[in-house]
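Contents: one structure, followed by commentary.
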Amino acid sequence: MEFTNLKGFKDILPEDVRVWQRLESKVRSVLRSFGFHEIKPPIIERTELFSRSIGLDTDIVSKEMYSIVDAKGKSISLRPEATASVARAYIQHRLYDKNPVQKLFTFGPMFRRERPQKGRFRQFYQINAEILGDSGPRSDADLIILATTILNEAGLSGLTLYLNSLGCSQCRPRFRQGLQEYLSQKTDVLCSDCQKRAKTNPLRVFDCKVETCNEVVSDAPSILDHICQDCRGHFDSLQAYLTDSDIFFVLNHRLVRGLDYYTRTSFEFQTEHPGAQNAVCGGGRYDGLLKLLGGPDHPAIGFAMGIERLIDLLGDVGKGESPAPELFVAGLGEKAEEEVFGWVRDLRKAGIWVEMEYGSKGLKAQMKKADRLGAKKVLMVGDDELASGKGILRDMETKEQKEIDLKNIVNELKKVLQKNE
Ligand code: HAM
């Protein structure tokens with residue numbers, strides 16, 4: 001075939017879409033019970049929104065964005081994540097005027113030009129949930145409880161919640177400087193990326209997968225020993241709320257996440273499943289972002305889950321039964337086919353899923369089709385049935401057949417099908 005999808009992009013075929021929809025409806029119902037409202041920002045924004053929010057030195061901004069220069073010379077990008085857009089919309093539309101605490105969620109595709117592999121795509125979908133306008137540890141706990149509830153409702157178990165605090169604008173610069181000094185003594189064993197990171201964004205060295213860098217950071221100072229008293233109080237309270245809510249977590253001072261806007265709490269739900277990309281959900285607090293984007297000095301926290309990764313982990317559990325039509329109407333002969341077309345149209349108006357054959361086929365072929373579709377019942381009508389005014393209704397499961405009056409057939413069928421006889 002001449003055309004196939006691009007590497008890292010994939011078609012979500014009808015069978016898979018059903019799994020997605022089932023998951024999405026569960027997630028929506030949990031989000032509703034936590035009082036979250038949907039927002040749909042565009043998938044293209046000015047490049048600067050992302051570079052300023054996520055950080056110029058991050059992999060996402062420096063290597064992975066799909067950017068183009070438009071006809072007016074403006075650089076625009078496909079969104080690599082949704083938080084920056086939600087923050088922009090919150091500021092632009094002054095959402096805080098109506099309600100000082102906004103709980104927003106969004107579903108949709110994100111784009112990152114990463115090296116594709118299992119569980120890692122260039123277009124992938126996220127569920128994002130953000131609480132804007134609250135600074136206390138209770139909103140951190142509520143958000144983590146929300147993520148846990150979604151993962152449980154989806155049917156995922158065996159995930160580990162890793163928790164860290166990245167400090168604030170008061171304590172992090174001091175830690176950063178100390179870390180930089182430590183790393184400067186280890187430059188010769190760091191990979192070339194980390195040699196740069198050590199200068200520009202030293203916390204990112206914690207995230208490096210290269211063995212020698214790993215060894216270096218295993219002896220590095222821990223941010224959890226260096227956060228200020230306020231951050232410590234916030235982090236301790238969050239842990240107490242989580243423990244009180246029976247949410248198990250593991251402290252991980254190396255969890256720095258790949259986006260620069262984080263402050264204080266950062267967390268990730270990871271799977272130990274071999275061969276999978278381990279992060280299923282990641283998030284944290286970003287108290288400085290709204291101000292950085294020219295908005296009010298409001299705090300915020302949020303998370304995003306990768307839908308492909310969730311579905312992959314669900315495996316067959318997510319699949320469920322394929323939906324099937326209530327009825328197949330088999331018309332035999334031109335006259336019956338014409339009648340059937342009208343009946344099917346009218347039954348569908350009543351919201352009943354009915355199928356028919358578009359062409360002219362014999363009974364055997366039509367029964368085969370009804371069977372393939374999994375139709376629960378089949379109405380068979382030919383010239384003889386039209387003449388006698390009685391069609392034959394077959395129950396495909398019990399194989400039972402009975403006559404049904406064709407006068408007023410649409411209402412007759414509605415009665416039978418809606419009663420689910
Ligand atoms: P993130 O950690 O970059 O955070 O992405 C969140 C989740 O999206 C990951 O845990 C993973 O499940 C999924 N994901 C990321 N990249 C890919 C990929 N290439 N292929 C498939 N799935 C992927 C964020 O995006 C932040 N905006 C989260 C956030 C919201 N923080 C605060 N609010």
Item to complete: Quick one: accessible surface of Trp20, probe radius 1.4 Å, all protein chains present, in square angstrom to the nearest 10.
Response: 40
Discussion item. Below 8 Å, C-alpha to C-alpha, sequence gap of six or more: please give me the relative contact order for the chain in percent.
Written reply: 15
Worksheet entry | Sparsely packed chymotrypsin sites (Phe, Trp or Tyr not before Pro) within the range 255-334, loop by DSSP, other Cβ within 10 Å at most 13 | none
Worksheet entry | Listed pairs Lys335/Lys361; Lys26/Lys376; Lys361/Lys390; Lys10/Lys63; Lys118/Lys186; Lys26/Lys319 exceeding 24 Å between Cα atoms | Lys26/Lys376; Lys118/Lys186
Item to complete: List the residues whose amide H sits under 5 Å from the amide H of Leu327, counting only those 5 or more places along or on another chain, with H placed 1.01 Å from N in the peptide plane.
Response: Glu355, Lys376, Lys377
Worksheet item: How much accessible area per residue does the chain have, in Å², with a 1.4 Å probe?
Response: 52
Discussion item. I'd like the Karplus ³J(HN,Hα) series for the range 230-238: coefficients 6.51, -1.76, 1.60, θ = phi - 60°, whole numbers in Hz, and an x wherever there's a Gly or Pro.
Written reply: 5, 5, 4, x, 4, 5, 5, 5, 4
Response to the item:
Once amide hydrogens are built 1.01 Å from N within the peptide plane, the residues lying 5 or more places from Lys390 or on another chain with amide H under 5 Å from its amide H are Leu406
Item to complete: Could you please state how large a percent of the accessible area of the range 327-413 is carbon and sulfur, counting protein chains only and using a 1.4 Å probe?
Response: 48
Practice prompt. For the range 9-14, just list the computed ³J(HN,Hα) in residue order, Karplus coefficients 6.51, -1.76 and 1.60, θ = phi - 60°, integers in Hz, with x standing in for Gly and Pro.
Written response: 10, 9, 7, 9, 7, x
Fill in: Accessible surface of the range 44-138 [probe 1.4 Å, protein heavy atoms]: carbon and sulfur percent
50
Fill in: Other-chain or far-sequence residues with amide H under 5 Å of Val256's (modelled H)
none
Practice prompt. Pop out the ³J(HN,Hα) list for the range 141-154 in order, Karplus 6.51 cos²θ - 1.76 cosθ + 1.60 with θ = phi - 60°, rounded to Hz; leave Gly and Pro as x.
Written response: 5, 4, 5, 6, 5, 4, 4, 4, 5, 4, 5, 5, 4, 5
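Under 8 Å for C-alpha pairs, at least 6 residues apart: give me the relative contact order for the range 96-190, rounded to a whole percent.
Taking the mean separation of contacting Cα pairs over the length of the range 96-190, I get 20 percent.
Can you put Glu385, Glu130 in order of accessible area, largest first, using a 1.4 Å probe?
On the way: Glu385 40, Glu130 0 Å².
Sorted by accessible area, descending: Glu385, Glu130.
The values are calculated or read from the model by the stated rules, or taken from the named source; none is laboratory data. The structure displayed is predicted, hence computed values, not measured ones. Positions of Cβ are generated from backbone atoms using ideal geometry, with glycine treated the same way; all protein chains shown enter the neighbour counts. Note: areas computed on protein heavy atoms with side chains; ligands, DNA, RNA excluded. Shrake-Rupley method; radii C 1.70, N 1.55, O 1.52, S 1.80 Å.
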